[in-house]
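A.B. asks: First, the structure itself, so that you have it in front of you.
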Amino acid sequence: MECSSRQAAERIVAYHAGTLDPHAAAALEWHLKACPVCRPLSAAQQAVWSALDIWQPLPISPDFDQKLFQRIDAEERLRWWQRLSLPRLSWRPSVSLAGASAALLVAFLLRTPASVPTSPAPAQAKFQIEQVERALDDMDMLEQIGVETARSPI
Amino acid sequence: MNATSIESRLAQPSWNGRVNSNKSDFGSLDRDADLMLRVRQGDPSSFGLLLERHRGPVIHFFYRMVQNQAVAEELAQEVFLRVYRSRESYEPTAKFTTWLFRIATHLGLNWIRDGRNERRQGSLDDDGDGAARQVPDRARNVEQELVYQARLGEVRQAIENLPSKQRAAVLMHKYQELEYAQIADVLRCSESAVKSLLFRAYEALRSRLVHLA
Amino acid sequence: MPRRGSILALAALTGGVMLAHMGWAQKRAGAPAKPPSATRAKTPIDLFETMSREEQRQALEQLPPAQRRKLQDRLDKFNQLPAEQQRDLKNLYNRLHRLPADRQNAVRKAIQTFSLQSADRRQAIREELRDLAAVPEPARPTRLASPAFLSKFNGQEREIVRAMSLLLPPR
């Protein structure tokens with residue numbers, strides 16, 4: 001490959017991004033030791049990479065989630081009201097009043113999730129247990145790196 | 001029976017609704033897609049988990065795109081609102097992060113195109129919330145802090161000078177570590193077009209930032 | 001859906017009082033639930049621990065007996081760790097799961113590679129991470145590109161440190 005080619009530059013970018021496979025990375029590292037074209041290009045790309053690294057994001061507003069939930073709730077209520085919008089009404093009852101009230105009650109039960117769980121359906125229980133298993137797998141993995149790392153001051 | 005806000009539903013363990021993870025074609029390979037499918041099936045706590053995982057990256061992406069923290073958070077709110085809004089028709093045809101960043105990039109590019117950044121962005125020193133949010137690092141002395149801020153200013157200017165699509169591609173490539181194929185999917189172009197965008201972008205950045213080495 | 005909508009609309013005319021009583025305001029009147037981000041995120045282990053014994057039993061019963069016993073043993077072993085260690089692991093877990101999926105994969109790969117290193121190199125990496133944790137977050141990239149760091153570790157070790165540094169708390 002031509003060292004001044006675009007492919008060479010892309011390969012150097014990929015190297016600094018850490019996306020080259022180990023063999024290709026090793027080969028490139030060996031090449032960079034001697035190539036007068038690629039070495040300065042790689043140094044320049046490293047400078048860019050390090051420079052971009054210093055640009056850290058700002059803290060997120062503590063009420064970000066709350067505002068989002070408020071917007072979602074507002075939108076959900078709007079849609080609910082829209083389903084009950086007046087232009088769709090018919091003054092000729094298609095069901096009895098008692099039936100209509102019962103339908104409303106059923107609609108509420110179906111519209112809003114139960115706030116008091118009785119017992120989990122088997123599918124949810126299995127989901128929970130799988131999550132617990134995966135969490136324990138992660139804990140085992142994380143334990144390897146040395147818990148003292150986690151005890152660093154915040 | 002009480003109507004509950006999404007906030008309170010999110011605080012509950014996910015007992016409610018039927019969860020059928022068998023419907024995901026992605027299995028455990030894309031947990032986010034699995035979570036989104038659970039949101040589709042009526043489990044709002046999974047939306048909470050997705051928000052927890054992706055809130056930061058989306059806001060940070062916007063912050064670097066539009067260089068204004070307040071606008072970044074507004075745009076991020078819009079992204080998650082759209083994610084929640086489209087839950088009933090969600091299909092995992094792509095990785096979840098690809099879909100998420102497709103929405104985010106679309107909003108970001110529109111915002112830049114509409115030129116609002118010219119009205120709201122006085123200088124690169126203004127993060128939309130005043131200088132107070134850019135807290136100096138106490139580990140640096142005054143001189144070091146000045147040098148750091150100067151370097152940061154150059155980095156931000158260099159990114160801001162990139163054409164918007166190149167900017168989006170670099171931000172996704174560098175900070176979100178998306179692969180070329182994903183970036184192509186997000187920008188709805190070919191992989192070779194993404195490579196071309198990144199080639200030109202990094203070339204421009206090298207010429208502007210090499211002296212910072 | 002339209003038929004249901006019209007039935008609901010009709011019912012709303014006659015059930016308006018019931019709607020107002022049952023409907024919109026009541027949950028807001030109680031103590032508002034905290035957004036998930038306001039408190040330390042609960043791990044699946046925390047959520048399991050908050051379940052009643054009956055609920056835990058039902059959840060565990062979904063597993064085959066051998067797997068159930070193994071999971072129970074693992075949970076017991078975890079709960080026997082010192083409280084501080086449990087807390088630290090949960091913090092690491094939460095930080096891992098806050099990362100985007102691609103970064104999580106990178107961290108997992110790094111830890112896997114870390115586990116294959118010799119004991120002395122693992123120790124060197126742990127010490128580096130400990131030192132790095134004391135460095136403010138914005139300055140960490142500079143440290144990770146510094147000659148001192150580059151000379152201490154080979155390419156693979158550098159990638160391990162860089163990936164695992166994503167789990168360090170901000171300072």
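The values are calculated or read from the model by the stated rules, or taken from the named source; none is laboratory data. In this text, all values refer to a predicted model and were calculated from it rather than measured experimentally. Cβ coordinates were reconstructed from backbone atoms using ideal geometry, including for glycine residues, and neighbour counts include every protein chain displayed.
A.B. asks: Starting from residues that are small (Gly, Ala, Ser) and part of a loop (DSSP other than H, G, I, E, B), keep the ones in region B:186-213 and report whichever is modelled with the highest pLDDT.
C.D. replies: Of all residues in region B:186-213, those small (Gly, Ala, Ser) come to B:190, B:192-193, B:196, B:201, B:204, B:207, B:213.
Still in the list and also part of a loop (DSSP other than H, G, I, E, B): B:190, B:213.
On the way: B:190: 91, B:213: 76.
That would be B:190.
A.B. asks: Of the residues A:87, A:62, A:57, A:40, which single one is of a type outside the set (Asp, Glu), at pLDDT 50 or above and more than 30 Å from the chain's Cα centre (by Cα)? Spell out how you get there, then give the answer.
C.D. replies: Values: A:87 fails: at pLDDT 50 or above; A:62 fails: more than 30 Å from the chain's Cα centre (by Cα); A:57 fails: more than 30 Å from the chain's Cα centre (by Cα).
The conditions single out A:40.
A.B. asks: Here is a follow-up. Within region B:139-152, does at least one residue satisfy the condition of being at pLDDT 90 or above and surrounded by 13 or more Cβ atoms within 10 Å (Cβ to Cβ)?
C.D. replies: yes
A.B. asks: Can you tell me which residues in region C:28-61 are within 8 Å of chain A (Cβ to nearest Cβ) and at pLDDT below 80?
C.D. replies: Answer for region C:28-61, where residues must be within 8 Å of chain A (Cβ to nearest Cβ) and at pLDDT below 80: C:35, C:36, C:37, C:38.
A.B. asks: Name every residue in region C:102-140 that is aliphatic (A, V, I, L, M) and under 26 Å from residue A:51 (Cα atoms), in order of residue number. Reasoning before the result, please.
C.D. replies: Going through region C:102-140, the residues aliphatic (A, V, I, L, M) turn out to be C:106-107, C:110-111, C:116, C:119, C:124-125, C:129, C:132-135, C:139.
The answer is C:106, C:107, C:110, C:125, C:129, C:132, C:133, C:134, C:135, C:139.
A.B. asks: Consider region B:186-203. How many of its residues are of a type outside the set (Lys, Arg) and facing chain A (nearest Cβ under 10 Å)?
C.D. replies: Applying the first criterion (of a type outside the set (Lys, Arg)) to region B:186-203 yields B:186-187, B:189-194, B:196-199, B:201-203.
If we keep only those that are facing chain A (nearest Cβ under 10 Å) too, we end up with B:196, B:198-199, B:201-203.
Here the count works out to 6.
A.B. asks: Within region B:144-176, count every residue that is in contact with a Pro (Cβ under 8 Å, 6 or more places away or on another chain) and acidic (Asp, Glu).
C.D. replies: 1
A.B. asks: I've got another one for you. Read through the list (1) closer than 17 Å to residue A:141 by Cβ; (2) surrounded by 12 or more Cβ atoms within 10 Å (Cβ to Cβ); (3) not hydroxyl-bearing (Ser, Thr, Tyr), then give the number of the only condition that residue C:116 fails.
C.D. replies: Against the list (1) closer than 17 Å to residue A:141 by Cβ; (2) surrounded by 12 or more Cβ atoms within 10 Å (Cβ to Cβ); (3) not hydroxyl-bearing (Ser, Thr, Tyr), residue C:116 comes up short only on (2).
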